[in-house]
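Peer 1: Provided herewith is a single structure, encoded as structure tokens, for subsequent inquiry.
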Amino acid sequence: MRAWSLLLVGCVACGGRLPAPGQIGIPVKLTTRIDAHIDLRVRSEAQVSVQGQGQAGQAEPPPPPPPPPPVQIVAVENAPVPEFFGISLEGAQDVVFVLDVSGSMDEKAFGRLAQIHVTAAAANTPPAEPPPPPPDPNAPPPPPPDPNAPPPDPNAPAAAAPPAPEPPAPRKIDVAQSELIAALRQLPAGTRMNVLFFNDALDAYAPSFVVLDEATRTTLITFVDDSEPMGSTALAPAMRTAFLMNAHRIVLLSDGLGNVGGNADAVMRDAREAMRGGVRIDTIGLGAGQDARLLGALAKESGGLYQPM
């Protein structure tokens, strides 16, 4: 394991300058699950170039992003294309899923959210075991019944099957995990992507984009399944980190208000700077405590979709 000290100071995707998460005291943990385990703790005087260095040692500008695909709403259940809470992911590239894992995500999900969890969990369940083979015709016959055994009582009540245990009510985090795992199973190989969790710290699957194949699909699913809700909500630093990854598309899920590292105004200021580079932001809000004004503005101004749940 090697530790690297970096400062994320520039938004290469948009040509502007954004303050780095580490400058406001937010721990950043970028965990590569494929080849190595790397912790990046952000310092205050280093600089990182996402695109690499040119001959003069300057950051090379990224290629212009492709035009964002049109906003598309699909069925949350049994959609013909990859989707996340009804937001189509067809053709998505350089996409970062930014998911809230703060303590409020430990609350119970009700109504439509709970039903979505049941459907997504069923889609994530491995196929059932094949039926047992037919009996062997050459097997010896079973022993005859005991002639001394008492006859069955015709008036005896039939034995009732024990009631099936009620499944526990899903939490918000359970719904988010099930939906994201279902999306990861549907996304085609070759998709360039990353997953970033945030509470009062940031935890990313990898320092930059990974290309989805069967190995990364498996480790990404494990990474998502291992997340547990706790802490506060560092929304502004999480979005800033996604912008600094040169994301062309960000899919944000949150159930509350950012209360660490910047308020809604800071999120919008950074997002508008990144939008100059063509980033699209899709937003999913869970529950009554969501900041509908912020989530709606992020989606509308970037050409994305806001999905309140």
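Peer 1: I need the peptides 207-215, 157-165 ranked by packing, meaning the mean over residues of other C-beta atoms within 10 angstrom, with the highest value on top.
Peer 2: My ranking of the peptides, most packed first, is 207-215, 157-165.
Peer 1: Heavy atoms only, probe 1.4 Å: what % of the accessible area of region 202-309 goes to carbon and sulfur, would you let me know?
Peer 2: 52 percent
Peer 1: Say R0 is 51 Å: what FRET efficiency, to the nearest 0.05, do Asp213 and Ala169 get from their beta-carbon distance?
Peer 2: That gives a FRET efficiency of 0.90.
Peer 1: Apply the Karplus curve 6.51 cos²θ - 1.76 cosθ + 1.60, θ = phi - 60°, to the phi angles in region 269-284 and return the couplings in whole Hz, x for Gly and Pro.
Peer 2: Calculated HN-Hα couplings, in order: 4, 5, 5, 5, 5, 5, 4, 5, x, x, 5, 9, 10, 9, 10, 10 Hz.
Peer 1: Find how many whole Å separate the alpha carbon centroid of region 215-282 from the alpha carbon centroid of region 150-182.
Peer 2: Going from one Cα centre to the other spans 38 Å.
Peer 1: Please list the non-local residues whose amide H lies under 5 Å from the amide H of Thr283, H modeled 1.01 Å from N, same-chain partners needing a gap of 5 or more.
Peer 2: Here the answer is Leu252, Leu305, Tyr306, Gln307, since their amide H atoms fall under 5 Å of that of Thr283.
Peer 1: Related question: Once all Cα-Cα distances of region 185-309 are split into 5 Å bins that start at 0, what whole-number percent is in each one?
Peer 2: Calculated over all Cα pairs of region 185-309, the distribution is 2, 11, 20, 23, 22, 14, 7, 1 percent.
Peer 1: Here's something else I'd like to know. Along the Cα→Cβ direction, 7 angstrom out, place labels at Lys108 and Glu301. What is the inter-label distance in nm?
Peer 2: 3.8 nm
Peer 1: Taking 7 Å along the Cα-to-C-beta vector as the label spot, tell me the Asp225-Ala156 distance in nanometres, rounded to one decimal.
Peer 2: Modelled inter-label distance: 4.3 nm.
Peer 1: While we're looking at this one, here's another question. What net charge is computed for the residues neighbouring Thr283, neighbours being all others with C-beta under 10 Å from the C-beta of Thr283, Lys and Arg scored +1, Asp and Glu -1?
Peer 2: Neighbour charge sum, excluding Thr283 itself: -1.
Peer 1: Subtracting the Cα-Cα distance from 0.36 nm times the residue separation, let me have the gained length for Asn138 to Arg269 in nm, one decimal.
Peer 2: Taking 0.36 nm per residue and subtracting the Cα distance, the gain is 39.4 nm.
Peer 1: In addition: Rounded, prolate or oblate: pick one for region 207-269, where a ≥ b ≥ c are the square roots of the eigenvalues of its C-alpha gyration tensor, a/c under 1.5 means rounded, and failing that, prolate if a/b is larger than b/c, else oblate.
Peer 2: oblate
Peer 1: Further question on the same structure: Could you work out the relative contact order of region 200-267, using alpha carbon pairs under 8 angstrom and six or more residues apart, expressed as a whole percent?
Peer 2: RCO, region 200-267: 39 percent.
Peer 1: Separate question: I want the local charge near Asp94. Using Cβ-Cβ distances under 9 Å, sum +1 for each Lys or Arg and -1 for each Asp or Glu among the other residues.
Peer 2: Net charge around Asp94: +2.
Peer 1: Summing +1 for each Lys or Arg and -1 for each Asp or Glu, what net charge is found among the other residues whose Cβ lies under 11 Å from the Cβ of Lys108?
Peer 2: -1
Peer 1: If amide hydrogens are placed 1.01 Å from N in the peptide plane, which non-local residues have theirs closer than 5 Å to the one on Leu89?
Peer 2: Placed amide hydrogens put Glu83, Phe84 under 5 Å from Leu89.
The values are calculated or read from the model by the stated rules, or taken from the named source; none is laboratory data. Values in this document were obtained by computation on a predicted structure and should not be read as measured data. All Cβ positions, even for glycine, are placed from backbone atoms using ideal geometry, and neighbour counts span all protein chains on display. Heads up: the accessible areas ignore ligands, DNA and RNA and are worked out on the full protein's heavy atoms, side chains in. Shrake-Rupley method; radii C 1.70, N 1.55, O 1.52, S 1.80 Å.
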